[in-house]
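The values are calculated or read from the model by the stated rules, or taken from the named source; none is laboratory data. Remember, it's a predicted structure, so these values are computed and weren't measured experimentally. Counting neighbours? That spans all protein chains shown, and the Cβs are built from the backbone with ideal geometry, glycine included.
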Amino acid sequence: MKRKLLLITVTIATLCSFFALSASAEGEGEPVSVPIPQPDSTVYTYNGEEQVYNLPESEYYDIVGNKKTDAGEYTVSVNLKDTESSVWSDGSITTKEYSFVIAKAVCSPDKITFEDKTVVCDSMVHSIYALFPKGIEAEYTGNGQVDPGVYTVTVKFKSDNYEPIPDRTATLTVNRAALREDSENPDNSGVLLWKSEDSGFAPDFKISVDASDTDASGLYSGDNIFFVKSYRLSVLKGETLAEIDTTVRIQLPIPEYLLKVPFKLVSASGDSLTELEYARFNKHIVYETDELCEVAFVYSEVSLTPVIVTLSIVIGVLLIAFFALAFFTHRNTRLMSFSPVLFGVAVSSDELTVLIILSIIALLLLVLDILALIRFLKPVIQARRESRSAKIANEDDGDKGADTLSGDENAIEGTHSFAKDGEE
């Protein structure tokens, strides 16, 4: 009985083990069921940065195309890594796709800067450019201006990332750096006026020049000041007189008459004159002022009386010395030809030039007479030297004769002394 029970128990255990092993073998052969990712419900809008479509990550699949920056509609793909060992929870193994939409942004007006601009004409090309967010392209019309004027610049925006952006306009003003007189009068050519600051003059400004030529005639307030040329400058906006609200620099041509004559630049107010400082550049002068008023080129005639008197005295002294030396040397006074004097008088424009020429001639005459005096005195001096030398020689001969006589007397006295001794 016990053996039957034991046999039955072993049989049942063996059958259970067999069924367990069979069930285990059948379980190992089935693929893994992978949950399908849920779509991302986030609403995406373009912001200029990279954005990510949010899906949960897994070791069983790969996510492709879930990172984008520009606005648009994209497809995000999720692929099983191993379709033999894993399946989607719905039993499929195909790629799961999701719609990734980045909507276009709306660019608010305050994010775009496009302002008016004022520049000074300087032979450079001037333009206005807008400042706007990333992802927008701009196309301009009306830029690239060189000449003075007022220009309208329009910018058109184009972008795939923003909703349509309205066009914007701005004003580009190119001011005149300087106002130039376009008068046909050649005396006014080269008249310029420009501001010391960098703002320049409005394009519709122009300069008006009223020049008066006085031909260097007339005295002013009893002084020897002669007006040569005066200028009155004014600035017009259209046909209306415009005010100058800053310091300006003015260039004026120097009158031909004064190119080689010292002159002054003065501003006239009633009967008073105010001298202005200026810098000279070739045939023009440049000065600064904060008030447009009449100015004039003047020169002062310096009195030559002291110079003329001095030269006259010098000439008189030289001529007197010339004739005195001629008389002293007892020779004929043959004066030099005075044709140079006549020529100098003919070409000179004032008495000072004549006196200078006469002084030079008188000095030459005096030099010639001094040379003649030297030649006259040379033989006299030589004769005096020879006479003095002869006198000295005679005195030396007399001294030698006296010495000889003294020796003879001594010899006679010695002879007498010797005879006396013999007698004794």
Query raised in the report: For residues in the range 210-230 being modelled with pLDDT of 80 or more and within 15 Å of E256 (Cα to Cα), which is surrounded by the fewest Cβ atoms within 10 Å (Cβ to Cβ)?
Result: S212
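Name the single residue, out of those in the range 236-260 being surrounded by 15 or more Cβ atoms within 10 Å (Cβ to Cβ) and at pLDDT below 90, that is nearest to T289 (Cα to Cα).
Ranking the qualifying residues of the range 236-260, first place goes to I244.
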Query raised in the report: If you go through the range 141-176, how many residues are more than 15 Å from I128 (Cα to Cα), hydroxyl-bearing (S, T, Y) and either at pLDDT 95 or above or assigned to a strand (DSSP E or B) (or both)?
Result: 1
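Can you list the strands (runs of 3 or more DSSP E) lying wholly within the range 228-279 that have 3 or more residues being free of Cβ contacts under 8 Å to residues at least 24 places away in the same chain?
Values: elements: 240-242, 248-253, 264-269, 272-276.
In the range 228-279, the matching strands (runs of 3 or more DSSP E) lie at 272-276.
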Requested in this report: Scan the range 84-97 and report the pairs whose first residue is outside the structural domain of Y60 (by TED's automatic domain parsing) and whose second residue is exposed (fewer than 11 other Cβ atoms within 10 Å of the Cβ) and not in a loop (DSSP other than H, G, I, E, B), with Cβ atoms within less than 6 Å and a gap of 6+ or a chain change.
Outcome: none
Query raised in the report: With L131, L172, L193 as the choices, which residue is aliphatic (A, V, I, L, M) and under 30 Å from Y231 (Cα atoms)?
Result: L193
